[in-house]
Amino acid sequence: MTATTNSYPGVPEFAQENFAIDNLQDEIRVDRLCSDFLRTFYLNQVERCGLGPEQASALAYGADYFLREFIIPDRRENIFQLAPGRVRQFAGNWYIVKTLEPNMKELQGILEGVRAFYEYCQSSGKVSAELLTEIGRDCADLDFYAARIESFWAIEGDGFQSWNRACGIEG
């Protein structure tokens, strides 16, 4: 992957307002724009942070999964203006319910990518330090997510509603 003038976060196309989603056309446009922005993240990890391509790719994959499977199509939110608790909802509920074999190894890799991506966004002036702090805290709560996965597999009868309320994705 080669850096180009358009591959840096300061270019106008990556302005926060361009990531707003009001309809299906916006969702499609934002998905593509997010993919482009994730390339800048990947390049930053390789060129500026000194990570190897495989490690940078793993981080980009984690962020990509969170953003392009959950935030954009499911929540229809601006990736730079997440509602409070979105990472927790994703990792403690959505990922578990939507994944055939939810497991901590995969989830931990995704969360490492999410954390690294939002560190990049904060250093690029795209998100506040407060949002980064919240995301970092939620990404680090691995014991909670492990317990959620374990309790999901233990659900019996009509126990799903109670399990879901503990970390639902409403709102």
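The values are calculated or read from the model by the stated rules, or taken from the named source; none is laboratory data. Predicted model, so just to flag it, every value in this text is computed and none were measured. Using ideal geometry, Cβ is built from the backbone for each residue, glycine included, and neighbour counts are taken over all protein chains shown. In case anyone asks, the SASA skips ligands and DNA or RNA and just uses the protein heavy atoms, side chains included. Shrake-Rupley method; radii C 1.70, N 1.55, O 1.52, S 1.80 Å.
For the chain, what is the charge dipole size about the Cα centre, in debye to the nearest 20, if Lys and Arg each add +1 at the Cβ and Asp and Glu each add -1 at the Cβ?
Dipole magnitude for the chain comes out near 220 debye.
What whole-number value in Å² describes the accessible area per residue of the chain for a 1.4 Å probe?
52
Taking 0.36 nm per residue of sequence separation and subtracting the Cα-Cα distance, how much length would be gained by fully extending the chain between residue 129 and residue 25, in nm to one decimal?
Values: separation 104, 0.36 × 104 = 37.44 nm, distance 3.06 nm.
In short, 34.4 nm is gained.
Residue 137 label point, 7 Å along Cα→Cβ, cut-off 20 Å on backbone N: hits in segment 55-92?
Residues 80-92 fall inside that zone.
Suppose the Debye formula is applied to equal point scatterers at every Cα of segment 59-171; what is log10 I(q)/I(0) at q = 0.16 Å⁻¹?
Computed log10 I(q)/I(0) values: -0.69.
Please report the carbon-and-sulfur percent of the accessible area for segment 102-167; probe 1.4 Å, protein heavy atoms only, DNA, RNA and ligands left out.
50
Work out which GluC sites (Glu not before Pro) in the chain are exposed loop sites (DSSP not H, G, I, E or B, at most 14 other Cβ within 10 Å) and give the longest gap free of them. Write out the running numbers ahead of the final one.
On the way: sites that count: 156, 170.
Longest run free of exposed loop sites: 1-155.
Please list 3J(HN,Hα) in residue order for segment 99-107, calculated via the Karplus relation 6.51 cos²θ - 1.76 cosθ + 1.60 where θ = phi - 60°; whole Hz, with x for glycine and proline.
Whole-Hz 3J(HN,Hα) from phi for segment 99-107: 9, 4, 10, x, 8, 5, 4, 5, 4.
Name the residue from 25, 62, 51 whose Cα lies farthest towards the positive end of the charge dipole of segment 8-69, charges +1 on Cβ of Lys and Arg and -1 on Cβ of Asp and Glu.
Toward the positive end, the furthest listed residue is 51.
Per DSSP helix of 4 or more residues, -39500 (n - 2.57); summed, then divided by the residues of the chain. What does that give at 222 nm, rounded to the nearest 500?
Computed mean residue ellipticity for the chain: -16000 deg cm²/dmol.
May I ask you to evaluate 6.51 cos²θ - 1.76 cosθ + 1.60, the Karplus curve with θ = phi - 60°, for each residue of segment 38-48 and list the ³J(HN,Hα) values in order in whole Hz, giving x for glycine and proline?
Once θ is set to phi - 60°, the couplings for segment 38-48 become 4, 5, 5, 4, 4, 4, 4, 5, 7, 7, 9 Hz.
Return the single residue from 88, 115, 48 with maximal mean-square fluctuation; model: Gaussian network over the chain, springs between Cα atoms under 10 Å.
Answer for the Gaussian network model of the chain: 48.
Under a 5 Å amide H to amide H cut-off, with H placed in plane at 1.01 Å, what residues pair with residue 127 once short-range neighbours are removed?
Placed amide hydrogens put 122 under 5 Å from residue 127.
If you find the alpha carbon centre of segment 134-171 and of segment 26-95, how far apart are they in angstrom?
21
Between 102, 73, 84, where does the largest GNM mean-square fluctuation fall for the chain, given springs only between Cα atoms within less than 10 Å?
Among 102, 73, 84, the largest GNM mean-square fluctuation belongs to 84.
What's the angle, to the nearest 10 degrees (0 to 90), between helix 142-153's Cα axis and the longest principal axis of the chain?
It is inclined by approximately 50 degrees.
HN-Hα J couplings of segment 122-139 from phi, Karplus 6.51/-1.76/1.60, θ = phi - 60°, integer Hz, Gly and Pro as x?
Per-residue couplings from phi come out as 5, 5, 8, x, 8, 9, 6, 5, 5, 5, 4, 4, 4, 4, x, 4, 5, 5 Hz.
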